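Working notes, beginning with the structure itself.
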Amino acid sequence: MKYVYILISLSHSDKRYFGVTSDLKARLKDHNRGKCKHTSKFVPWRIETYLAFSDAKKAHDFEKYLKTGSGWAFSLKRL
């Protein structure tokens, strides 16, 4: 399974991050340990939403969509 996830920073509530992984718990730990350069400035993080995909390509495509303007708006309204 591939998981597309949305993180919310607990220290900066306006900061969100979208990602994809096959190990959600380990990836959240990496974000909170500062191992990701895009999220290290805004630790700690919590998972707001995640979706499971059995098809890796669909997961990556959905993550890519969420990072667009319309995907961002969709995530705020629907997820």
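Please treat every number below as a calculation from the coordinates, not as lab data. As the structure is a computational prediction, the values presented were derived from the model and not from experiment. Methodologically, a virtual Cβ is constructed for each residue, glycine included, from the backbone with ideal geometry; neighbour enumeration extends over all protein chains shown.
With viscosity set to 1.567 mPa s and temperature to 4 °C, compute the Stokes-Einstein D of region 2-78, Rh being the Kirkwood radius across alpha carbon pairs; µm²/s, no decimals. Translational diffusion coefficient: 103 µm²/s.
Within the same chain, lysines fewer than 8 places from Lys58 are excluded, and of the rest, those with a Cα less than 24 Å from its Cα are Lys2, Lys25, Lys67, Lys77.
Using r as the Cβ-Cβ distance of Thr68 and Ala26, and R0 as 22 Å, what FRET efficiency do you calculate, to the nearest 0.05? Please report the intermediate quantities before stating the final value.
Values: r = 27 Å, r/R0 = 1.22.
For R0 = 22 Å, the calculated efficiency reads 0.25.
Backbone amide hydrogens, once placed in the peptide plane, bring Lys15 within less than 5 Å of Ser9, excluding anything fewer than 5 places away on its chain.
Please give the contour-minus-distance gain from His38 to Arg78: 0.36 nm per residue of separation, less the Cα-Cα distance, rounded to one decimal in nm.
Details: separation 40, 0.36 × 40 = 14.40 nm, distance 2.41 nm.
Full-extension gain reported as 12.0 nm.
Computed extension length for Leu10-Ala56: 13.7 nm, one decimal, from 0.36 nm per residue of separation with the Cα-Cα distance subtracted.
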